[in-house]
Amino acid sequence: MLDRRLFLHLATWLGQWPAGPGLHVVRSHRRARPAWDGRLRPAIAVAAPDCAVLSVPPDRVGAVRALVRERARAELLPVLPAVVGAPEFAAHTGSFRWCTAPARLPDAGEWEPPTGPWLPPWLRLFDREVLVVRDDDGRYLAGVGIKRHDAYGHELAVGTVPAARGRGLARRLVARAARRVLDEGAVPTYLHDAGNHASARVAEAAGFPDRGWTSFGVFPR
């Protein structure tokens, strides 16, 4: 059975869930408004083994539905940015995971404001605390930010500097952040590029199994 928090997240984030077999294009005013980082995401899709929902701005539904009827999904991605009115954006595809039982790994990192010293630019985009591991001199080694898409689904993003990889920091950070998201009453999600095997291993180790779900969409470069 699908976790209720995930069901509510997908229905809220995309505009509809579930759908019948095949790819369904739905309208959502969220696609025309800035996302968690203040930037637009004019197309977002989640595909389960038995259905897929592609969420686009209301004024682009007709054009995207016509495109879906004409093209296979692989042929859809290269032209989707232009059809949703964002030709300068890029189309991405990857794995969509979620977790209700994070791995029992030792905690790592400390929660701190996203304005702390030596944080990478991507962590400074968050408007709430981020979870960070630092070395003995206070320099950043690894961190997690939480993308609070809505009240029901919070996506985790993790990054580790090359010199600190292979120590298990990322999986411990992700598991700890997932516990916090669950404590807040939401479901933690984790998205990664299909070819990013290192990120896939982190997800698996932290308690985010591969259920065969995927995601694709149009994002700023």
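Taking the listed residues 5, 41, the one that is at pLDDT 95 or above, closer than 18 Å to residue 97 by Cβ and charged (D, E, K, R) is 5, with no other qualifying.
If you scan segment 68-88, which residues turn out to be open to solvent by 30 Å² or more (accessible area, probe 1.4 Å) and in contact with a Pro (Cβ under 6 Å, 6 or more places away or on another chain)? Of everything in segment 68-88, just one residue is open to solvent by 30 Å² or more (accessible area, probe 1.4 Å) and in contact with a Pro (Cβ under 6 Å, 6 or more places away or on another chain), namely 87. If you go through segment 187-221 and keep only what is closer than 15 Å to residue 97 by Cβ, open to solvent by less than 10 Å² (accessible area, probe 1.4 Å) and touching a helix residue (DSSP H, G or I) at 6+ places or on another chain (Cβ under 6 Å), you end up with 187, 188, 190, 206.
Any residue in segment 32-41 that is touching a strand residue (DSSP E or B) at 6+ places or on another chain (Cβ under 6 Å), of a type in the set (D, E, K, R) and free of Cβ contacts under 8 Å to residues at least 60 places away in the same chain? Checked against the condition, which is being touching a strand residue (DSSP E or B) at 6+ places or on another chain (Cβ under 6 Å), of a type in the set (D, E, K, R) and free of Cβ contacts under 8 Å to residues at least 60 places away in the same chain, segment 32-41 yields no hits at all. Scanning segment 8-35 for residues that are part of a loop (DSSP other than H, G, I, E, B), modelled with pLDDT of 95 or more and not small (Gly, Ala, Ser) yields 16, 17, 33, 34. Exactly one residue out of 116, 62, 143 is more than 23 Å from residue 11 (Cα to Cα) and over 22 Å from the mean Cα position of the chain (by Cα): that is 116. Restrict the check to segment 80-101 and report whether at least one residue is in contact with a strand residue (DSSP E or B) (Cβ under 6 Å, 6 or more places away or on another chain), in contact (Cβ under 8 Å) with a residue 24 or more places away in the chain, farther than 30 Å from residue 172 by Cα and among the β-branched types (Val, Ile, Thr). Yes, there is a match, as at least one residue in segment 80-101 is in contact with a strand residue (DSSP E or B) (Cβ under 6 Å, 6 or more places away or on another chain), in contact (Cβ under 8 Å) with a residue 24 or more places away in the chain, farther than 30 Å from residue 172 by Cα and among the β-branched types (Val, Ile, Thr).
Of all residues in segment 178-219, those satisfying the criterion of being assigned to a loop (DSSP other than H, G, I, E, B) and either under 15 Å from the mean Cα position of the chain (by Cα) or in contact (Cβ under 8 Å) with a residue 12 or more places away in the chain (or both) are 184, 185, 186, 194, 196, 207, 208, 209, 210, 211, 212, 213. Among the candidates 107, 59, the residue that is touching a Lys or Arg at 6+ places or on another chain (Cβ under 7 Å) and either in a strand (DSSP E or B) or open to solvent by 70 Å² or more (accessible area, probe 1.4 Å) (or both) is uniquely 107. Restricting segment 151-170 to residues that are in contact (Cβ under 8 Å) with a residue 60 or more places away in the chain and closer than 28 Å to residue 14 by Cβ, the residue that is nearest to the chain's Cα centre (by Cα) is 153.
The values are calculated or read from the model by the stated rules, or taken from the named source; none is laboratory data. Bear in mind the structure is a predicted one, so any value in this text is a computation, not a measurement. Ideal geometry is used to build each Cβ from the backbone, glycine not excepted, and the neighbour counts take in all protein chains shown. Remember, those area values only see protein heavy atoms, side chains included, never the ligands or the DNA or RNA. Shrake-Rupley method; radii C 1.70, N 1.55, O 1.52, S 1.80 Å.
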